[in-house]
Amino acid sequence: MNEKILDKTQLRIGLFVMLDLPWMGHPFLTNNFKIRNQRQLSILRQLDIEQVRVDLDRSETFSEAELDETVTLDETETSESGDDPGSTLWAEKNERIRRLKQRRSRLNQCAKSYVQKVGMARKLMAHLRSSPAQAAEEAGELVDGMVGELTEDAETTVQLVNLKHQDENSYNHAINVSALALVLGRKLDLDQSQLRLLGQGGLFHDLGHLKIPAQILMKKGPLTEPERRFYEQHPRYGAEIARQIGTLPVGVIEIIAKHHEHLDGSGYPGGLRANDIGLLTRILTVVNRYDNLCNGFGGERGLSPHQAVSRMYSKERQCYDPKVLSTFITNLGVYPPGTVVRLNDERIAVVISINADDLLKPNVLVYSDEIPAEEALVLDLIEEGIGIRDSLHRSELTQTQIEYLNLSDKLSYYFQGARSGSGR
């Protein structure tokens, strides 16, 4: 770092300043930033400091003579309709803190809802053998509740599937897939009856796993050829079990039987092609693959949301319905929530929601050792004019960063509307 200490009267637009003050000791959103306008200069002059550290490497280029000059402010450019510019920034900062606290409250509510729904899925699966009719009825009630919540608040409801769990299991997966499928189904304008079938298909799609040995389901490395052939029969096994239950709709059984089939014929167990695969199954296939890549049990698990979306689009898109996949990516974003990113200014952040106006510039929560975690900075990268340099894997972060960004239970995915103002 090429650091220089300047008197605050020597500051000018284009310098990157580093304020040695507590975060709540000034109205700016961060202690380190490039001065962009006269308003910021005016506020810096009013701070209770005489000297400021600047990073010349991140500043625009100035000669030594220019840096030694005292800068006279153009007072006509520092005012905003007579308002104190510092007060305006304080109001903006406090409003961001308020919104962050409100968001955290919603996430806590979603976490409780998510755990409740996973418990309901566990209960109904336990009833499949002893009381199949009761299990089917419970599945209908669970899906109806999820559809109802989506009708009222789609954004909050989908957050319930976004919590990363170290003990991810089949019940988490069933809820993840069902909820994601429901929201994607709504984006594709499905009616209530179709959504109900889709949601139940999501809950029961892996029913055939009941006939697959745990050593195959939980195997970390690649399957042997005999293991793979055995595993690829699970959709057929699941459809057989579903028919034996006797109360599941035909549309749900079709999803169970075909959720690993691909439009290009590369899927299993039947190698079916487009004409043999219905829309509900096409939806389920996309969200199931995504969740398997992010949270699955096999050797492919553990991709970041960005890596999963990139893989599905760049290497596998011939497998999926083009409209379904494009709708999924449009609403999930190129950097889906839960993706850890490095910004162009080297800061580490986690994506919390997309910007429909620019999928490459989502809203992010930024790691900072100078800002308390409960008041963490949330940036709209469109407004800030900041880009993403690359995505990172969780293993590349320090434990402090992981805890600050809450990545042990961070959202994995999150759908958002337009901005207003082959796995196992």
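Taking Val334, is it out of contact with any helix residue (DSSP H, G or I) (no Cβ under 8 Å at 6 or more places or on another chain) and not aromatic (Phe, Trp, Tyr)? It is false that Val334 is out of contact with any helix residue (DSSP H, G or I) (no Cβ under 8 Å at 6 or more places or on another chain) and not aromatic (Phe, Trp, Tyr). Considering (1) part of a helix (DSSP H, G or I); (2) surrounded by fewer than 20 Cβ atoms within 10 Å (Cβ to Cβ), the lone condition that Val286 does not fulfil carries the number (2).
Filtered by the rule that a residue be acidic (Asp, Glu) and either surrounded by 15 or more Cβ atoms within 10 Å (Cβ to Cβ) or under 26 Å from the mean Cα position of the chain (by Cα) (or both), the range 192-239 gives Asp206, Glu227, Glu232. Can we say Gln38 is crowded, with 16+ Cβ neighbours inside 10 Å, among the polar types (S, T, N, Q) and at pLDDT 85 or above? Yes; evaluated as a whole, the condition is true for this residue. Scanning the range 354-372 for residues that are surrounded by 14 or more Cβ atoms within 10 Å (Cβ to Cβ) and under 18 Å from Leu100 (Cβ atoms) returns Ile354, Asn355, Pro362, Asn363, Val364, Leu365, Val366, Tyr367, Ser368, Glu370, Ile371.
Just to verify a result, which residue in the range 373-406, among those that are within 20 Å of Arg99 (Cα to Cα) and aliphatic (A, V, I, L, M), is nearest to the chain's Cα centre (by Cα)? First the steps, then the outcome.
To start, the set of residues in the range 373-406 that are within 20 Å of Arg99 (Cα to Cα) comprises 373-384, 404-406.
Applying the additional criterion that residues be aliphatic (A, V, I, L, M) yields 373, 376-379, 381-382, 405.
Numbers: Ala373: 19, Ala376: 17, Leu377: 17, Val378: 14, Leu379: 15, Leu381: 15, Ile382: 17, Leu405: 13 Å.
Among those residues, the one meeting the criterion is Leu405.
Kindly indicate whether Thr339 is in contact with a His (Cβ under 7 Å, 6 or more places away or on another chain), modelled with pLDDT of 95 or more and surrounded by 20 or more Cβ atoms within 10 Å (Cβ to Cβ).
Taking the combined requirement at face value, the residue does not satisfy it.
When Asn172 is tested against (1) part of a helix (DSSP H, G or I); (2) at pLDDT below 90; (3) crowded, with 24+ Cβ neighbours inside 10 Å, just one condition goes unmet, and that condition is (3). Against the list (1) within 20 Å of His173 (Cα to Cα); (2) of a type in the set (Ser, Thr, Tyr); (3) surrounded by fewer than 21 Cβ atoms within 10 Å (Cβ to Cβ), the condition Ser304 fails is (3). Inspect all residues belonging to the range 330-340 and state whether any of them is among the polar types (S, T, N, Q), within 30 Å of Gly278 (Cβ to Cβ) and more than 11 Å from the chain's Cα centre (by Cα). The answer is yes, given that some residue of the range 330-340 is among the polar types (S, T, N, Q), within 30 Å of Gly278 (Cβ to Cβ) and more than 11 Å from the chain's Cα centre (by Cα).
Looking only at residues in the range 375-402 that are assigned to a helix (DSSP H, G or I) and hydroxyl-bearing (Ser, Thr, Tyr), which one is modelled with the lowest pLDDT? Reasoning before the result, please.
Initial filter on the range 375-402 (assigned to a helix (DSSP H, G or I)): 375, 381-384, 394-396, 399-402.
Filter once more, so that each one left must be hydroxyl-bearing (Ser, Thr, Tyr): 395, 400.
Numbers: Ser395: 80, Thr400: 92.
That would be Ser395.
Are any of the residues in the range 16-37 more than 21 Å from Leu377 (Cβ to Cβ) and not acidic (Asp, Glu)? No, the range 16-37 contains no residue that is more than 21 Å from Leu377 (Cβ to Cβ) and not acidic (Asp, Glu).
The values are calculated or read from the model by the stated rules, or taken from the named source; none is laboratory data. All values derive from a computational prediction rather than experimental measurement. Backbone-built Cβ (ideal geometry, glycine too); neighbour counts: all protein chains shown.
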